[in-house]
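Enquirer: Handing you a structure now.
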Amino acid sequence: MLSSLAFLLLHVLLAGAAASSEYDERLLLRPLPQSSLLASFTFRSTEPASTFSQQNLRYFPRSLGQILQHAHTEELHLRFSVGRWDAENWGQRPSYGAREGGTGVELWAWVEAQSEEEAFSRWLTLTNALSGLFCASLNFIDATKTIRPVMSFQPEGDHKNASNLHVLHGTLPHEVVCTENLTPFLKLLPCKGKAGISSLLDGHKLFDAAWQTMSIDVRPVCDAVSSTCSVEMEQTVDMVLDVDRAKRPRDNPIPRPLPIDEIECDTSKPYNAADTCYPLDKTAEPAWNLTEVFGRPLKGDCPLTEQAGDNANTVCLNIPPERTVQVNTSGEYAETQFSSGTLRCYKLPTGADFDLVLPKQQMTTGLVLAKPPLYAARSINGHGQERGSVQAIIKNPSATEPVEFVYLESLPWFMKPYLHTLRARVDTSPESPIRETYYRPAVDRQRGTHLELKMVIPPASTLTLTYDFEKAILRYTEYPPDANRGFDVAPAVVRLLSPNSQDKKGIYLRTTSLLLPLPTPDFSMPYNVIILTSTVMALGFGNIFNLLVRRFVGVDEAQTVGTGGVGGVVRGKLNRLKALLGKG
Amino acid sequence: MALLCKSRVRGVLRPLLIRAAATLLALRKDARLLKVPPYLSALCIVVGVAWLLVLPLDEYSRRTYVSENALLPGQVHTYFTGSEHNVFRAYRQETAALADKSVEERTQRLSTILGAHNLKVATQRYEYHASGRNISDQNVYAILQGPRADATEAVVLIAAWRNMDGKINYSGVALVLTLARYFKRWSLWSKDIIFLISGDSTSGTQAWVDAYHDSHSPDTIEPLSIKSGALQGAVAVDYPAGPWGHRYDKLHILYDGVNGQLSNLDLFNTAVSIANGQMGIGCTLQRMWNHDDSYHQRLQTMLRGMISQGLGHASGPHSSFIPYHIDAITLQTVGDGWHDEMSLGRTLESLFRSLNNLLEHLHQSFFFYLLLQANRFVSIGTYLPSAMLIAVNFSISAIALWVLSGRPQTPTPNPASTKPPQPDQQAGEKANEKEKEQDKPTFIVAEIAGAKTLIPASSLEITERPLFLPLTFVLATHFLGLLPLYLFNHTPLPYLSYTFTFVALTTTLLPLLTATSLAHFQRPTPQERTLIQCFSLLLLGMFLAALATLNFSLSFLVGLLAAPLSFARASRNKGLSAVVGGLLLLLNPVVVVWAATLYFGQDVVEVLVKAAEGWHVWGLWTQVVVWLVWWPAWFAGSVVVAGGLVS
């Protein structure tokens, strides 16, 4: 309970908007069960709207700003994600899932345009430009991967000309997020990974995490009182590290079995002997420090952040008050405690390395993790080359509160759902949980299926959503090189409507992506067919042609016909003519 | 050169073609032509069998090779040693302590151990009913979520609590528990790894894999509470050594699944290459413990493989996965040697590292093959003609019988001959004298373009084929097979032995009874008999040819056992009919099954119980082939032969 309070507080701290250029950053570290560690990096820069339109930018990256202006994009949300959040062990998602994307790359934006066609052409401009900027295949977000969500996404910013705004959404579930995406991400930061908390972001550790998501959110923020607007860009990196794995040195990453004397054995077992050891569970909190876990030291403060006030507290630890923390730095730092000691924040020294050391410790109290409002899992059922079915299981753990949510599916065109087979059942009531349906069927090779369902789950119930689908057969050239792997289907997005979040960000969760095996031809078949047909043609045609153009004559007649060559042919003709004349 | 090119085509070719067509048409009426098919059929069978016999030779088989480049078998260093051995011994003690515990307690304890490794653990109850028995137990499984995986793909490591022989798989289960702990520490897994400890070797895995694809019956089988992505492969381990261990000699690799489906050859090759090349453990297959790579041993391996494939039964915990297009094998330890559990563990580690490398579902290598040895195989293109030839023999016979049925019943005499047309008529000269007088052939004078000719009237007769009785009979025979099929799959265990005796007696007597009762109505006429046999063989030929592409071995075995049906004809000679009938009685499918159980030292009832379990649990189709393809063909053939006996 305390932790969730602290978590809320942290968000409130970061929520203030201002009309002047500002930059602040924050790192929240929170140990999770099973020796995991959640690290949430947030970087926020604000630019007044007036200077933004003149491209007079201070903290806002010019490269991105120009793209947004060129593509008339008012609000942008870009996500790069790997892995999955383990809600049962780790509880509520960071930022209530609002800064998280589905596996791969997810992009949605509000584009200003007079018509749908114009909006789409600007969207293509945007995806192509972002593709170059972030070294991602965003340019593959074409019409078949783009949908226009109706209920699932609401603008976070304050927009003036809301009627001309079009929301477009695209995903690339197969995109593998890696270091080449991190580098451009860091370049957008004012301190560019050289100082401040961004100096901790190391590609090796980030992509070894059990779950990580990078996000970029640009939105206009207006102050209702002074009616001055500014453009705010928020970059976040959320990652869950396995402490044991992250602590392994980079030059020796192989998890060799430990020497037997380093393993804690259960000596109460009757068979315990020198060669038999039942390993005991680790109950103590593991020891870790920043340098070890992130693979590089924290190089002091980014000098562009505010030096006073709450926003100056850059590194925060969300740990029980009894946990020992040592600070290792040669510079000057300050520690502040919030929420009765469960949140400890540090103001970083400038120009000096900073390290937090947490020793191994046997804990008596633990943090209470906030429970997520919903659990969602989705899988493909059935087998075979022709049909299948999708099953989504959504659980409401709350004993008292019903949950209303929007479920968004964006399916590729070659996965054709049968809407008449769509069934939603709640185990505790016979009533259908579906309140509203928005469905836009796919058109082959033109666009994908877009399905949005507004549903309600009663308290302590499980909702099972199933629908059948048919697999299309692709053209020979439409298969990717790894056709037999299957095709990725984008994760479903679940947005909670009630209970709603306090801010405009909303509460989201996403399922994992699916792998859809499609019928694949034997790709060597055409070559076999060509070879076989050519052989048959050559043999058959050759023989028949041979029969057609040859004349068989006896050896004795050959003399009169003459030999080959042009002379022979002419002589033959003459002979024949003579014979005919003679006959006549 | 005496040949010259000239474009005088038509003049030369047309008369040639006309002449050829005329010859062919004349040949159609030739009585000699009908003598050919039985020899052709026999030739097909002989060539089909001989084809199979040459397959083990080096010239007709190939060395195995790994097609899928991503697998890179044995290219990684394995680290499953040291203190893991101590942990393994402790887990083996733990599993040994669970031997006498209840299913609930066992499940509880295994879940606790797996849960302590920070894996997601779940259990599944299942219950099947077959032959009046209840097969119920529980599966425990744990999912290691690959650190870089996105829940789209998974591989499965299985240890059944009891192996196929009913022994408790102590070391196998302990090895899976230890590997689960060891694998968790690695960060390189690109797929989820599912550790499955199934209640037994066949129905437990079947219940699990059915539920994983949501194709289970929800009344008796619990759905899975947690799932991962598409399964890419499964490896089962069978190592029933008790708490004090047992050093083994070889790994016995089981690769055949239900209904004779096989796992991709690449998976088998990877396992052999890792065990043999990297770990130095010998590999063997089809219970050939001492394979010296001789022709005889290769042939024996192939035939054992064919019998196993033909029966289509589940041969291990991996079998249930194969129908879902999940390639799976079982590694079984056999013999006394010097390899220990850690080398098996390292083999599994290396195998999972290879599977982890897979970028696509296994698709490169063969799905249809016959293995002769751990590193020698025959691919479908080479062996398929063998079963096809056997199937074709029935089609040839059927076509010949069809032609025969359309011929005039009275033989056409040779108008030019002065001798009696058939030599056998010389035997009963006196009796035939009168007949000959009566049967003096009538001739018709035909005149074409001024030329006159005498044509025997009988050769201008049109013979009608009465199709109603033959078609009805053959259809009814095929539906009759449903009765024993239902009977064997639904009889409770205590009555199975009586049912078998009853069915054996009934099916043995039924052809004679049917023929006798039909004889009361003066049916079937010889022509109808020919037609019955024709349709029956036609169907058999078609079914077997289609089956050969799905389950080569079953098609071949059934074809071989039904081969005499191509040659068995109704004969007026009672003695000959009795001999042929007696031979056919021996080839009654029920008698063949009984004889096979005697030969292989099995109990008939046990086989029937397994078959019923196969029908209800694994979706086994062998019985369908036996009762709806093989038995009707045998029955029709026997009725025809018995018809000769009673008429």
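The values are calculated or read from the model by the stated rules, or taken from the named source; none is laboratory data. Note that this is a predicted model, so its numbers are computed, not measured. Reconstructed Cβ throughout: ideal geometry from the backbone, glycine too, with neighbour counts over all protein chains shown. Areas reflect the complete protein model, heavy atoms only, side chains present, ligands, DNA and RNA absent. Shrake-Rupley method; radii C 1.70, N 1.55, O 1.52, S 1.80 Å.
Enquirer: Over chain A, what is the relative contact order in whole percent, taking alpha-carbon pairs under 8 Å and six or more residues apart?
Expert: Over chain A, the number comes to 15 percent.
Enquirer: Measure off 7 Å from each Cα along the Cα-to-Cβ vector at A:LEU580 and B:ARG19, then give the distance between these two points in nanometres to one decimal.
Expert: About 2.7 nm separates the two model spin labels.
Enquirer: Using a basic spin-label model with each label point 7 Å from the Cα along Cα→Cβ, how many nm lie between B:THR516 and A:ASP482?
Expert: 7.1 nm
Enquirer: Quick one: compute a quarter of the convex hull surface over the Cα atoms of segment B:122-280 and quote it in nm².
Expert: With every direction weighted equally, the projected area is 10.6 nm².
Enquirer: Let me ask you something else. Under the definition of partner shielding as Cβ atoms of other protein chains within 10 Å of a residue Cβ, what is the mean value for peptide B:79-89? Could you put the intermediate results ahead of the total?
Expert: Working: counts 4, 2, 2, 6, 11, 7, 5, 12, 8, 2, 6.
The shielding value for this peptide is 6.
Enquirer: If each residue of separation counts as 0.36 nm, what is the full-extension length gain between B:GLN108 and B:ALA451 once their alpha-carbon separation is subtracted?
Expert: Length difference between fully extended and current span is 113.5 nm.
Enquirer: I've got another one for you. If you take every residue apart from A:PRO480 with its C-beta less than 12 Å away from the C-beta of A:PRO480, what net charge results, scoring Lys and Arg +1 and Asp and Glu -1?
Expert: Computed value for this residue: -3.
Enquirer: Here's something else I'd like to know. Enumerate the whole-percent occupancy of each 10 Å bin, from 0 to the last occupied one, for all C-alpha pair distances of chain A.
Expert: 3, 14, 22, 21, 15, 8, 4, 3, 3, 3, 3, 1, 0
Enquirer: Over all residues in A:480-489, what is the mean tally of Cβ atoms on other chains that come within 10 Å of each residue's Cβ?
Expert: 4
Enquirer: Please give the average number of partner chain Cβ atoms lying within 10 Å of the Cβ of each residue in A:544-555, rounded to a whole number.
Expert: On the way: counts 0, 0, 1, 3, 4, 4, 8, 9, 7, 5, 2, 3.
Mean shielding count: 4.
Enquirer: Check which residues have an amide H placed less than 5 Å from A:VAL368's amide H, if you skip close sequence neighbours.
Expert: For A:VAL368, whose amide H was placed from the backbone, the distant partners under 5 Å are A:LEU2, A:SER3.
Enquirer: Right, here's the next one. Relative to a virtual label point 7 Å from the Cα of A:SER163 in the Cα→beta-carbon direction, which members of segment A:71-98 show backbone nitrogen distances below 19 Å?
Expert: Counting backbone N atoms under 19 Å from the label point, the list is A:74.
Enquirer: Ok, one more. Beta carbons within 10 angstrom, averaged per residue: use that to sort the peptides B:375-383, B:636-644, highest first.
Expert: B:636-644, B:375-383
Enquirer: Shape of segment B:38-102 from its Cα gyration tensor (a ≥ b ≥ c, root eigenvalues): rounded if a/c is under 1.5, otherwise prolate when a/b > b/c, or oblate?
Expert: oblate
Enquirer: Quick one: net charge of B:GLN300's neighbours, Cβ under 12 Å, K/R +1, D/E -1?
Expert: +1
Enquirer: Follow-up question, since we're still on this one. About the Cα centre, and with charges only on the beta carbon of Lys, Arg (+1) and Asp, Glu (-1), how big is the dipole of segment B:65-374? Nearest 20 debye, please.
Expert: Computed about the Cα centre, the dipole is about 540 debye.
Enquirer: If you wrap a convex hull around the alpha carbons of chain B, what volume per residue comes out, as a whole number of Å³?
Expert: Roughly 233 Å³ of hull volume per residue.
Enquirer: For chain B, what is the calculated [θ] at 222 nm in deg cm²/dmol (nearest 500), taking -39500 (n - 2.57) for each run of four or more DSSP H residues and dividing by its residue count?
Expert: Values: 21 runs with 309 residues, N = 647.
Here the helix-only value at 222 nm equals -15500 deg cm²/dmol.
Enquirer: Another question, then. Could you pull out the pairs from A:LYS192/B:LYS191; A:LYS347/B:LYS120; A:LYS145/B:LYS184; A:LYS247/A:LYS504; A:LYS145/A:LYS471 whose alpha carbons sit more than 29 Å apart here?
Expert: With Cα atoms farther than 29 Å apart: A:LYS192/B:LYS191; A:LYS347/B:LYS120; A:LYS145/B:LYS184; A:LYS247/A:LYS504.
Enquirer: So, one more: What do you get for the angle between helix B:341-357 and the principal long axis of chain B? Use alpha-carbon atoms, 0 to 90 degrees, nearest ten.
Expert: 70 degrees
Enquirer: Also: In the full protein assembly as shown, how much of B:GLU613 is accessible to a 1.4 Å probe, in Å² to the nearest 10?
Expert: 10 Å²
Enquirer: Can you sort B:SER571, A:SER199 by 1.4 Å-probe accessible area, starting with the largest?
Expert: Largest accessible area first, the residues go B:SER571, A:SER199.
Enquirer: Hey, another quick one. What residues have an amide H closer than 5 Å to that of A:THR103, excluding those fewer than 5 places away on the same chain, when H is modeled at 1.01 Å from N in the peptide plane?
Expert: Long-range HN contacts for A:THR103: A:SER513.
Enquirer: Another question about this same structure. Below 8 Å between Cα atoms, with a sequence gap of 6+, how large is the relative contact order for chain B in percent?
Expert: 17 percent
Enquirer: Quick one: order B:ASP603, A:ASP251 from most to least accessible surface, probe 1.4 Å.
Expert: A:ASP251, B:ASP603
Enquirer: Place a point 7 Å from Cα of A:GLN446 in the direction of its Cβ. Which residues in segment A:406-431 have their backbone N less than 18 Å from it?
Expert: What the label zone holds, given the 18 Å backbone N cut-off, is A:411-417.
Enquirer: Net charge near B:ASN69, counting Lys/Arg +1 and Asp/Glu -1 over other residues with Cβ under 13 Å of its Cβ? Write out the running numbers ahead of the final one.
Expert: Numbers: positive: none; negative: A:ASP482, B:GLU68, B:ASP266, B:GLU360.
My count for the surroundings of B:ASN69 gives -4.
Enquirer: Under the classification rounded if a/c is under 1.5, otherwise prolate if a/b is larger than b/c and oblate if not, where does the protein assembly as shown fall, given a ≥ b ≥ c as square roots of the Cα gyration tensor eigenvalues?
Expert: Verdict is prolate for the protein assembly as shown.
Enquirer: Right, something else. Starting from the Cα gyration tensor of segment B:466-564, take the square roots of the eigenvalues, sort them a ≥ b ≥ c, and report rounded, prolate or oblate (rounded when a/c is under 1.5, otherwise prolate if a/b is larger than b/c, else oblate).
Expert: On the way: a/c = 2.29, a/b = 1.16, b/c = 1.98.
It comes out oblate by the Cα gyration axes.
Enquirer: What relative contact order, as a whole-number percentage, does segment A:375-516 give when Cα pairs under 8 Å and 6 or more residues apart are counted?
Expert: 33 percent
Enquirer: A further question follows. At a Förster radius of 22 Å, what calculated FRET efficiency corresponds to the Cβ-Cβ distance of B:SER497 and B:ALA99, to the nearest 0.05? Provide the component values of the computation, followed by the final result.
Expert: Numbers: r = 32 Å, r/R0 = 1.45.
Step by step, r from the Cβ atoms, then E = 0.10.
Enquirer: Helix-only mean residue ellipticity at 222 nm, chain A, DSSP H runs n ≥ 4 weighted -39,500 (n - 2.57), per residue, nearest 500. What is it?
Expert: -6000 deg cm²/dmol
Enquirer: Okay, next question. Once both labels are modelled 7 Å past Cα along the beta-carbon direction, what's the A:ASN89-B:ASP603 spacing in nm?
Expert: Taking the simple label geometry, A:ASN89 and B:ASP603 are separated by 4.7 nm.
Enquirer: For segment B:29-69 and segment A:298-336, what is the centre-to-centre distance using only Cα atoms, to the nearest Å?
Expert: If you average the Cα positions of each part, the centres end up 82 Å apart.
Enquirer: Could you please put A:THR466, A:THR477 in sequence from largest to smallest accessible area, using a 1.4 Å probe?
Expert: The residues order as A:THR477, A:THR466, largest area first.
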